[in-house]
Amino acid sequence: MENVIVDPTYIDKLRDSLAAVRTSVDAAFGAPRSVTGGYPDKLIDSHGLTARAGANAMMAALDGNRAAVQARLAACLTACDQALQAAKAMYAATDGAQRDVLDHQLDAGN
């Protein structure tokens with residue numbers, strides 16, 4: 001992306017996009033199993049020829065892994081949000097008026 005001006009407004013837009021991603025991820029992980037496809041039939045069949053020993057333990061392991069993925073995604077999204085907050089604070093702490101000079105120096109045509 002050429003000539004992107006990173007200022008507090010741009011950072012706020014990035015944070016809004018990140019918040020939308022977080023909402024989407026939370027909704028996906030919060031959805032009931034019936035919406036997300038459920039468990040494979042081989043796990044939920046508790047009787048007959050296709051019954052699997054240890055199916056409950058396997059479903060619990062799947063849920064544990066799913067929870068771990070959700071927690072990791074939440075941690076990553078939080079870290080991204082914190083990095084954007086830090087970038088915004090850094091921008092505010094430095095001379096924002098020098099942005100035009102830096103943009104000119106970083107312009108691909110120079």
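Residues in the range 2-34 that are part of a loop (DSSP other than H, G, I, E, B) and at negative phi: 2, 4, 5, 6, 7, 31, 32. Could you give every pair whose Cβ atoms fall below 9 Å, whose first residue belongs to the range 98-109 and is within 11 Å of residue 3 (Cα to Cα), and whose second residue is at pLDDT below 70, counting only separations of at least 6 or pairs across chains? Note: pairs meeting the criteria are 104/110; 107/2; 108/2. All conditions but one from (1) within 30 Å of the chain's Cα centre (by Cα); (2) at pLDDT below 75; (3) surrounded by 13 or more Cβ atoms within 10 Å (Cβ to Cβ) apply to residue 102; the one that does not is (1). Going by what's in this entry, would residue 80 be described as surrounded by 14 or more Cβ atoms within 10 Å (Cβ to Cβ), at pLDDT 95 or above and assigned to a helix (DSSP H, G or I)? So residue 80 fits the description; yes.
Conditions tested, residue by residue: (1) exposed (fewer than 10 other Cβ atoms within 10 Å of the Cβ); (2) of a type in the set (Lys, Arg); (3) farther than 28 Å from residue 80 by Cβ; (4) at pLDDT below 70.
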{"residue": "21", "(1), (2), (3), (4)": "no, no, no, no"}
{"residue": "24", "(1), (2), (3), (4)": "no, no, no, no"}
{"residue": "43", "(1), (2), (3), (4)": "no, no, yes, yes"}
{"residue": "47", "(1), (2), (3), (4)": "yes, no, yes, yes"}
{"residue": "56", "(1), (2), (3), (4)": "no, no, yes, no"}
{"residue": "65", "(1), (2), (3), (4)": "no, no, no, no"}
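The values are calculated or read from the model by the stated rules, or taken from the named source; none is laboratory data. Remember, predicted model here, so these are calculated numbers, not experimental data. Cβ: placed from backbone, ideal geometry, glycine included. Neighbour counts: every protein chain shown.
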